[in-house]
Structure formats: structure tokens, C-alpha cells
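Visitor: This is the structure I want to talk about, given as C-alpha cells.
The values are calculated or read from the model by the stated rules, or taken from the named source; none is laboratory data. None of these values were measured; they are calculated from a predicted model. All Cβ positions, even for glycine, are placed from backbone atoms using ideal geometry, and neighbour counts span all protein chains on display.
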């Protein structure tokens, strides 16, 4: 993959700790390290896939980028400008650059608003006062995502799941953003509808030069849509490289376990099964050292004591594992 | 407890020990939106130890089929209006509710998608498994407890005696689903129905659960009906597959044949619309082209088009398709489909 | 399996409903008790609005000759000690009850919604403080609270409304707060945040409209208790002052002295109070069932 000159988005050491509160006085009794020092970049027109299982922190990363969740530490830069500590007012112009598409096409649209108003709302917030102007822009957006402009006055419940996800895409596009965070955008859709939405997202990227942070647990979808992929486990990135390398020559034992756990939709291909045992530990109380060591078939003594750093094992192929040699 | 050889299971013959026969099942819902034919004339049979997968998208009727087999369709609005369900020599539709309760959880059991809501939060795991054993198998409390712990061991729960005393919320999602499975197979049912058993689980945990289910089937010889939308799970687990669309069966075949040469355009569309991992592709190279998509959306069951329900989304649809529903027939040996223009010469493997 | 009559089954499920009137008939058949409640409430509303046309006597005219006239004569429901027509006083009393019920419910809901919305949205120490205050208010029964309020404000129609409205605030605030807490985590609220919408605007345009359903259910229930509390306050002499005909005071004036000699002075206002409270409760329950998504298919 060609590394862009100036990355559109640069995230460094992003950390989010959620306090765990108990009792009447809500005293803090612990910290959930949802995201623990995550760094990555996304170039213009590029898709970074972020994969991992539940509780790995991938959703928190996506929300933090948009400052829907305030990061505990670390920095988020857009075009080199640090937006991590900006006030709400200062942040507003940057809101136009980054938008989000959600997983659930049912709860992501206000059931009491008309589809056209939902898509037009970002325009209203960002000062497009004229109703006519908004409507014509919304009609364009509807057309762009494969909905009919005549459907602008319908309510969300009158649409199917796939159509509702298209409304969500149109809303995210309304402000002409450069980066869209997709938080499991196709996971709640039917198989035959998933392909439609994936194709739509890829078409939009080609035509508008969009960048995506594509968060998903579905490895096959991530491989299809991404240029580069980062794998997360319990708040940390454990492997990060271009997609061809990651999916054909994974280095980290966890990536390997993930890949071999996905059932193959082709009975003609027989793979030897390598089922990784054990549960995903709770992020409230992660294992010491390498978080993966209790489930890792190759774990050694030092894996239990020392957390491995993310190192460049091969050119542009990063992994966090003690057992790998440069 | 010998398992039936997979080859024999692929094509049921009257001589093999048939455990379940469903004929022309019709389950309708009477709603304000109109008559919803959620399951409309579905037939299939199941032999001992066999795994049959029912695939389809939301609203295709696969879950209602499962609930109908258990006679758990909520009435109102739903009702089984026609067909027959024979479990061994028992016609389930002729049983009264009390007799049906003796069957449920005993001769036919079900695993649900969300283990948390299917387990009682205020009862220990052992108690919940024991309850079914005491009720259906007349075991004493002590014997039931011993058997419960055996079952937990069988589904791969570590320290089963210890875990048996715990409550559902003390277990992880994967362990809860194992406990749920232990409960379902405790009475050694003839038929086990698994409705999206791993959809709520992480992929590494899903692999563990699928392994447990496969092991149980081998060891207990239970016939399994696997309901899922995930073609990967179907390919790895099932022997025979039924594809449902809009309440009807549109295709049925042995799993290898179905994936290699699907007849129905919908089946073919489903198989080709999913992205595949590099490890799973037969030819190597990056995949970043457009995915094959099935246009349009699943029609509302209360307002199905005349003729073939899939015709509005089908590239091969003709005037005939839009007018008349195609007959369900054996197009190739061992492969049935309901289609006027079945796909021919699909890239086979 | 016996063949089923699809048409009849669909009819039962309400599939053939086309007009608005048809939909109402279907609802009435699905929720018969709610329909009874609705009829009572419509009757009550009509009585209050068209009191002048319904009652043939003036409720305030004193007529010594008709003092304690029994029901049946010129006075359909009899007359009180001062010879005022009981029917007319009940009919006009509906106005007081309606004014108090609507006024107190609206006022209470307005305050409750504001407090609940702010509490849920601002969170932190503000929320903690408001919640403890609400706990304190809720630990006192509605009637006791209203009594204290009414006694300190003095008897007048406005003060009665305020006295009844304030104790209604905590339950509304609580419902709205818990709704706000779940709604503010909804993805569509996050989407609004992601485009830079202000929290106030999010609260008003995304959260508030989605709390309306539970609010309507609660308000209907409160309508009934407001009427009951008004009657109780008036019964104790702390409600709407003379000469306004309040059902509660009609009871209190007559209960002690005339319950044996002129029972109609007690029975008819009592029936009026019970009927209306019964009606609001039936209607409230039906609305709650209708809005419960688990009941729909």
C-alpha cells in the first residue's frame, strides 16, 4: 500500500479509561481500560479496518475520534491539527470533516422524524437555513444512496433495514465529510442486503475520495473493504498491516486464531480446525502481561509478566508479540 | 449410541430411522396488517444423527418453522393451520397441551440465540438442568444432580461440579450457551433444534460452541435442525440444507451439491454475495471488486407478489415467473428447487 | 386440523379496518374497558363544556322553599339545604373538577418534564441532588403534600391547582429522567452530537418527542388522582372556596348532617367522583396497553 504523504487522520496513544462507580456516593472503585494506547493513521481515500471481538475497545476508538466520548489521553489530529482538547465551539468546523454510520438501522434514526428531515438535520445545524436549499440537497443525497426522493416524507418505520441504513449513510454524507467512521455498519443487515451496502460504501469512496474507519467483527467484510487492517484485543492493537499480508500471513497468534475461527462458506474446502480455547477476559480485569497469554497456544513465561510492545516485525507489518523476531 | 454415517444421512430412505417428518406445514399469523403466511407448505424429514440446516434471511420463516415444531407459536396472532408433524409415531399436532409439554425438552429440545434470556436468572445452572430431568425422566433429586454435572462436563464446561452451583450471570456468554446446550440435551432428545445458536457470540467462542454441538451429535446420535443465516456455519456443520424464502422452501440438497451447483437464483445469489476471506478462496489474489448483490429487498409477507415471491429481485425472471408460483420438484438427483428457470452450469468445484 | 375461516380470523385481528371510524371501532372492541373509560371521559368533558345547556337550574340560586327537596320533583336529583339544585351543581362542578384536573396535570407535567429532562441530561451532582429531593417529596403521600401546600397557600382555584400540581412533579420527573437516560444513549442522539448539535437542541428535538408516549400514560393516570385530591381538599375545606360547586365540598357539607335525612346530597356527588376517576383509570390502562410495543404485532 502506498503511504499517503500527510495522513488525514493521525491518532497517537489514544487511551480511554471508564471509571467503575459504586454506592450512593458513586465512588470510583476501578477503571475499565477500554482503549489502552492505540495509534494509527488513515490517509485520504483510504480504509482502515478495525477488527476484534466484543469488549476489545474498537467501538470506543470510533466514538473517541468524533469526541462522542472524551479520550482520557492521547491525541487525535486532522490534517495535523490536534482536536483532542478543542472546546465544543472550536470543534464544530471539524465536525463537517468526520461523520459516523451506526450498526443498528433501527435505533440510529429518530422514529418521530421524517427521513428527509433526518438527512437534512446536519445541514440545518451547520447553517443551511433555506428550507428549499436543504430539500434539494437532501433529494440529491437520497438519489446518491439509492433511495427515491419521493420517500423523503416517509417515517423510518416505513423503510426496510437496508433502506434505513442508506438513510444513515445519506445523513453521514450530508456535510461532505472526508472521513466516515462505520461502526459495524453492515452487521445488522441481512446477507443479501449487506452486499448492497458494502458496494454503496465502496462506490462512494471511489467517487468522493472518502476515507473510512471500518469497525467490524466480520473478518471477511473487513478484508473486502479495507486497505489496511488493525486487530484489537482488550484495548490494544495487537497486529496492524496491509490487508493482503494480514489475511494471508498473519503474525500474531490472536489474528491467526480469529482467522481460523471463521467458518468457511464452502464445503469443498476442508481446513484443519484450530479452535482457540477459553473466554475473552473481562476488560475490567485483564490478564497481566500479554492480554492474550491465557488463551495463546504458544505462551511462554515472560508473556505472563511483560506486555509486548507493538513492533515493526517486517516492513510496514506491526505486531505485539514476544515470540516474533524482527 | 452409534452415529449414522454422514453419507447415509444425506439422502433419507424409508429404511433409515426417520425421527421427524414434517409435511406441508402451514403457520399463519392473523395481524392488523393482514394475513401473514410465515410458513407456507414446508415439508422435510430428518433421520437419526443427521444435521439439517435451514437457511434464509430475516422474515423467511425459518424461526417460525422451529417454533412450530415445538408448538410454541404465540396464539394469537399465530396459528398452525395445516400440515402434520410426526415425531417418531406421534403426531404432534394432535396432542393436547399437557401431552405436548411431556414432549418439549424431552423428545424435542431447542437452543435459542440469546442464552441469557433463556436461562432463569434466579436458579442455579444445576437446578435448571435437574428440573427437566426430574420432570421427564423421573430421576430423584440426587440422580438428576449427578446427571446435570455429567452434562456440563459433556459440553466442555471446566470444573462442572463447581459451575453447577453458580447462577447464569456468573457465567460468560460462551459458558451460558454451553449450559443452555447441556440443558437441551439432558433428556437425550431425538431432535435438537438450534435457532441461531451462535449469532450472539464472538467468533472464537462461536467456533467452540459449534465444536461442542458437533461432538454431541456424534456421541448422542441426536438429529439436529440448525437454523442460521450464516452460510459458513451451514457449510461446516450441516449435511443437508433447506433454503427458505418468504415462508416457502425454495431449494433443498446435500450441502456439497448446494454450494457447488445451486439451482435457485436466490441460493446462488446468497452464496455469491458474501465476501470470503483469502484463506477461504480457491483462487488467490486480492478481492476488492464489487460484490454480487441481490437487488431489492425481502418482500412483506402480508403482501407477496403473485407468482414466484423472488421474481421481483431475480435477474432470470420471466412473464411465467410473475404469473405462477413454480412447482417444487427434483431438478437433479437429490436436489429439489422451486424455480421455472433454474441456474445451470454454475461454477462448480 | 380443521379448516380455518381466514376471513373471520383476519376480521378478529382487525385487518379489514380502513376508515378512521373503523379503526376506532376496532380499538373499542380490542379494549372494551378502555372504550367505557373513553365514553365516561367524553361525557365528563361534554358536561363541563356545555354545563349551561345541560342544567336547567342555576347552581348558585338559593331558594329556601326547595330546601332539602328530595329527588324526583322539579329537582331531578333533589336540592340541598339552601334549595340549590343538586344536578346543576354536579354539572357545574364538572367544570371545577376538569379545570383542576387539567390545570394541575399540565402544570405538574410541565415542571416534571423540565426537571426530569435536565436531571437526565446534565447528570452528575445536579442529578444526584434532584433525585434526593424527589425521593423526599415521594416519601410523602400525594394527599398529605397537597394538604400542606393548600393550607399554606390558602383556598382559591389557582392555589388548589398549584397545591395539587406540585406533588405530581416527582413521578413525572422520575419517568422522564429514566427515559432521558436511555434515550440520550441512542445512536440517533449520538448522530446529532456528531454533527455538532447543542445539548439543549438535542434534548428538545430528539429526546422530548420520544418521551411523549410514557408521559401520556402517566398524565391520564394523574388526571384521576388530581380529581380525587381536589375532592379531598375541598372536603376538608382547603379546596375551591364557596360558592363554586365542587364535588368534594358538596360531600363535606352534607356528609355529617344530612347523610341520614337527605342521602341524595351525599350519593350523587359521590357517584360523580367515582365515575370520573374510574373512567380515567380505565382509559389510562387501555392507553398504556396500546402503547406497549409488546402488545402489538
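Visitor: All but one of (1) away from chain C (no Cβ under 14 Å); (2) under 16 Å from residue C:196 (Cα atoms); (3) within 18 Å of the chain's Cα centre (by Cα) hold for residue A:85, so report the exception by its number.
Guide: (3)
Visitor: Could you pull out the residue among A:139, A:172 that is within 22 Å of residue A:59 (Cβ to Cβ), assigned to a helix (DSSP H, G or I) and either away from chain C (no Cβ under 12 Å) or touching a strand residue (DSSP E or B) at 6+ places or on another chain (Cβ under 6 Å) (or both)?
Guide: On inspection, the qualifying residue turns out to be A:172.
Visitor: Between residues in region A:25-39 that are in contact (Cβ under 8 Å) with a residue 40 or more places away in the chain and away from chain C (no Cβ under 14 Å) and residues that are surrounded by fewer than 16 Cβ atoms within 10 Å (Cβ to Cβ) and not in a strand (DSSP E or B), which pairs lie under 6 Å by C-beta distance while being six or more apart or on different chains?
Guide: A:32/A:284
Visitor: With region C:149-222 as the region, which helices (runs of 4 or more DSSP H) entirely inside it contain at least 3 residues that are under 21 Å from the mean Cα position of the chain (by Cα) and farther than 15 Å from residue A:121 by Cβ?
Guide: It comes to C:157-183.
Visitor: Related question: Condition first: away from chain A (no Cβ under 14 Å), surrounded by fewer than 13 Cβ atoms within 10 Å (Cβ to Cβ) and touching a helix residue (DSSP H, G or I) at 6+ places or on another chain (Cβ under 7 Å). Now tell me which residues in region B:287-328 satisfy that.
Guide: Once the filter is applied, which keeps residues that are away from chain A (no Cβ under 14 Å), surrounded by fewer than 13 Cβ atoms within 10 Å (Cβ to Cβ) and touching a helix residue (DSSP H, G or I) at 6+ places or on another chain (Cβ under 7 Å), region B:287-328 yields only B:306.
Visitor: Of all residues in region B:164-195, count the ones that are farther than 16 Å from residue B:128 by Cα and either modelled with pLDDT of 90 or more or more than 14 Å from chain A (Cβ to nearest Cβ) (or both).
Guide: Number of matching residues: 7.
Visitor: Just to check your reading of the model, which residue among A:293, A:227, A:317 is more than 12 Å from chain B (Cβ to nearest Cβ) and touching a residue at least 40 places away in the same chain (Cβ under 8 Å)?
Guide: None of the other options fit; the residue is A:317.
Visitor: I'd like the full set of residues that are outside any helix (DSSP H, G or I) and on the phi > 0 side of the Ramachandran plot, limited to region C:88-146.
Guide: Result: C:123, single match.
Visitor: Right, here's the next one. When you go through (1) within 12 Å of chain C (Cβ to nearest Cβ); (2) within 30 Å of residue A:256 (Cα to Cα); (3) surrounded by fewer than 21 Cβ atoms within 10 Å (Cβ to Cβ) one by one for residue A:157, which number turns out not to apply?
Guide: Just one mismatch for residue A:157, condition (2).
Visitor: Of all residues in region C:190-220, which are more than 7 Å from chain A (Cβ to nearest Cβ), buried (at least 18 other Cβ atoms within 10 Å of the Cβ), under 30 Å from residue C:282 (Cα atoms) and touching a helix residue (DSSP H, G or I) at 6+ places or on another chain (Cβ under 6 Å)?
Guide: C:207, C:211, C:217, C:218, C:219, C:220
Visitor: While we're looking at this one, here's another question. Within region A:142-153, how many residues are surrounded by fewer than 17 Cβ atoms within 10 Å (Cβ to Cβ) and assigned to a helix (DSSP H, G or I)?
Guide: So the answer is 5.
Visitor: Could you say whether any residue in region A:90-107 is away from every other protein chain (no Cβ under 12 Å) and either over 18 Å from the mean Cα position of the chain (by Cα) or assigned to a loop (DSSP other than H, G, I, E, B) (or both)?
Guide: No - not one qualifying residue is present in region A:90-107.
Visitor: If we scan region B:259-272, do we find a residue that is away from chain A (no Cβ under 11 Å), under 30 Å from residue B:139 (Cβ atoms) and either part of a helix (DSSP H, G or I) or free of Cβ contacts under 8 Å to residues at least 12 places away in the same chain (or both)?
Guide: Taking every residue of region B:259-272 in turn, none turns out to be away from chain A (no Cβ under 11 Å), under 30 Å from residue B:139 (Cβ atoms) and either part of a helix (DSSP H, G or I) or free of Cβ contacts under 8 Å to residues at least 12 places away in the same chain (or both).
Visitor: Of the residues A:238, A:229, only one is modelled with pLDDT of 95 or more and within 26 Å of residue B:290 (Cβ to Cβ); which?
Guide: Step by step, each of A:238, A:229 is checked, and only A:229 is modelled with pLDDT of 95 or more and within 26 Å of residue B:290 (Cβ to Cβ).
Visitor: How many of the residues in region A:241-259 are more than 7 Å from every other protein chain (Cβ to nearest Cβ) and touching a helix residue (DSSP H, G or I) at 6+ places or on another chain (Cβ under 8 Å)?
Guide: Matching residues across region A:241-259 total 4.
Visitor: Can you find even one residue in region C:14-31 that is more than 21 Å from residue C:230 (Cβ to Cβ), in contact with a helix residue (DSSP H, G or I) (Cβ under 6 Å, 6 or more places away or on another chain) and either modelled with pLDDT of 80 or more or in a helix (DSSP H, G or I) (or both)?
Guide: The answer is yes; a qualifying residue exists.
Per-residue answers, yes or no, for (1) buried (at least 18 other Cβ atoms within 10 Å of the Cβ); (2) under 29 Å from residue A:234 (Cα atoms):
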| position | (1), (2) |
| --- | --- |
| A:62 | yes, yes |
| A:65 | yes, yes |
| A:87 | no, no |
| A:90 | no, no |
| A:102 | yes, yes |
| A:110 | yes, no |
| A:115 | yes, no |
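Visitor: Since residue B:130 meets every condition but one in (1) within 27 Å of the chain's Cα centre (by Cα); (2) assigned to a loop (DSSP other than H, G, I, E, B), which condition does it not meet?
Guide: So the condition that residue B:130 fails would be (2).
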